[in-house]
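Data block below; observations after.
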Amino acid sequence: MPNIDNALSETRRAALFRNGRNQALRIPKAFELPGDEVLLRREGDRLIVEPIGKKRGLLSVLAGLEPLDLEFPNIDEGMQRLDDIDLP
């Protein structure tokens, strides 16, 4: 599989053709994308083609996040202790 980052720095011409009622694009091997589907987005006259990565589970998404450098507030501050609450 070609390296996508290297392909981004290249420029090539590609052929457009008809496939039934759809217009299709023949992608050169150097620009080959992983997977079976892509996302298409139009920005002005440009058509942006993005690969759709494998769906990742929540744990792998969370594991890839950078840690937050924030202190969370003490949400229990000023609240009554649970042991001190009398329920009817």
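The values are calculated or read from the model by the stated rules, or taken from the named source; none is laboratory data. The structure presented is a predicted model; accordingly, all values stated were derived computationally and were not measured. Counting neighbours? That spans all protein chains shown, and the Cβs are built from the backbone with ideal geometry, glycine included.
So the values come out like this:
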{"item": "Filter result (surrounded by fewer than 10 Cβ atoms within 10 Å (Cβ to Cβ) and either within 21 Å of residue 12 (Cβ to Cβ) or over 15 Å from the mean Cα position of the chain (by Cα) (or both)) within region 42-62", "result": "42, 43, 44, 45, 46, 59"}
{"item": "Filtered residues of region 13-41 (kept if in contact with a Pro (Cβ under 8 Å, 6 or more places away or on another chain) and surrounded by 10 or more Cβ atoms within 10 Å (Cβ to Cβ))", "result": "30, 31, 32, 33, 34, 38"}
{"item": "Close pairs (9 angstrom Cβ cut-off, 6 or more residues apart or separate chains): farther than 17 Å from residue 51 by Cβ in region 17-33, of a type in the set (Val, Ile, Thr) and part of a strand (DSSP E or B) anywhere", "result": "none"}
{"item": "Scope region 16-47; condition of a type in the set (Gly, Ala, Ser) and modelled with pLDDT under 90; matching residues", "result": "30, 35"}
{"item": "Pairs where the first residue, in region 41-65, is in contact (Cβ under 8 Å) with a residue 40 or more places away in the chain and the second is in a helix (DSSP H, G or I) and surrounded by 10 or more Cβ atoms within 10 Å (Cβ to Cβ), C-beta under 9 Å, 6+ apart", "result": "51/4"}
{"item": "Selected residue (only one of 75, 85 is modelled with pLDDT under 80 and of a type in the set (Val, Ile, Thr))", "result": "85"}
